[in-house]
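Reading through the structure tokens given below for one structure.
The values are calculated or read from the model by the stated rules, or taken from the named source; none is laboratory data. Model, not experiment: these values are computed from the prediction. FYI the Cβ positions are ideal-geometry reconstructions off the backbone, even for glycines, and counts take in every protein chain you see.
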Amino acid sequence: MRLALVAVVAELGGARALQFSPDPALPREGLAGFELSTFGGENHLDMERVDRPNGAYDLVMASHVLEHVEDDLAALRELDRLSAPCGVVVLAVPDLLRVGATTEYGRARADKHGHWRVYGPDIVTRWRAAAPLWRGLGVVARDPVTGEADRLTLLSRSSARLEGLAVRLSTAGFAPFDAFAPPRLL
């Protein structure tokens, strides 16, 4: 996953970034600005209501965070609002490559690590509901913690930005695909 994110940061050149959770996969080198939100930490930002201006970031990343948020549609709308017009939202959620459909738990389940839900490929309907102008790329990479195949999704309102990212990711050895296309489960 880190190699894919290195390619993303290289393409965004001097980006202002906001990262939810201290995922070590996002390289900070090459970023013009970096803000980290850690749940329960000194700079905890409520993903459903972030106190930052519209378009404040070129890159917003939430890796294995969205499933912990009660109102994920509100959070997705916020991520869209926070990203600049040519900005990119990077999402990763567990099991997207292995689950056939989203299952809502109705509460944060302790036995599921505080998850409100597990996402399936139908997550695209949530992306469309929250941010109708988003287009997206998906890449499959190895999770740096588990070593398992994991899907990284790059969402943007800018087709030109996504085209540049697709070229950069392909050059780095990845096979980007349309994140809104029918799923490819493992």
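Descriptive notes on the structure:
- Count of residues meeting criterion [out of contact with any Gly (no Cβ under 8 Å at 6 or more places or on another chain), part of a strand (DSSP E or B) and farther than 30 Å from G13 by Cβ] in segment 61-114: 5
- Within segment 73-91, being out of contact with any Phe, Trp or Tyr (no Cβ under 7 Å at 6 or more places or on another chain) and either within 15 Å of E35 (Cβ to Cβ) or buried (at least 23 other Cβ atoms within 10 Å of the Cβ) (or both) holds for A75, E78, L79, V88, V89, V90, L91.
- Applying a threshold of 6 Å to beta carbon distances and a minimum spacing of six or more residues, or different chains, the list of pairs starting in segment 41-60 at a residue that is assigned to a loop (DSSP other than H, G, I, E, B) and ending at one that is of a type in the set (V, I, T) reads M47/V69.
- Residues (surrounded by fewer than 22 Cβ atoms within 10 Å (Cβ to Cβ), modelled with pLDDT of 95 or more and β-branched (V, I, T)) located in segment 10-60: V50
- Remark: pairs (first residue in segment 155-166, closer than 13 Å to L59 by Cα; second residue outside any helix (DSSP H, G or I) and of a type in the set (S, T, Y); Cβ separation under 9 Å; 6+ apart in sequence or on different chains) = L155/S83; S156/S83; R157/S83; L162/S156; L165/S156.
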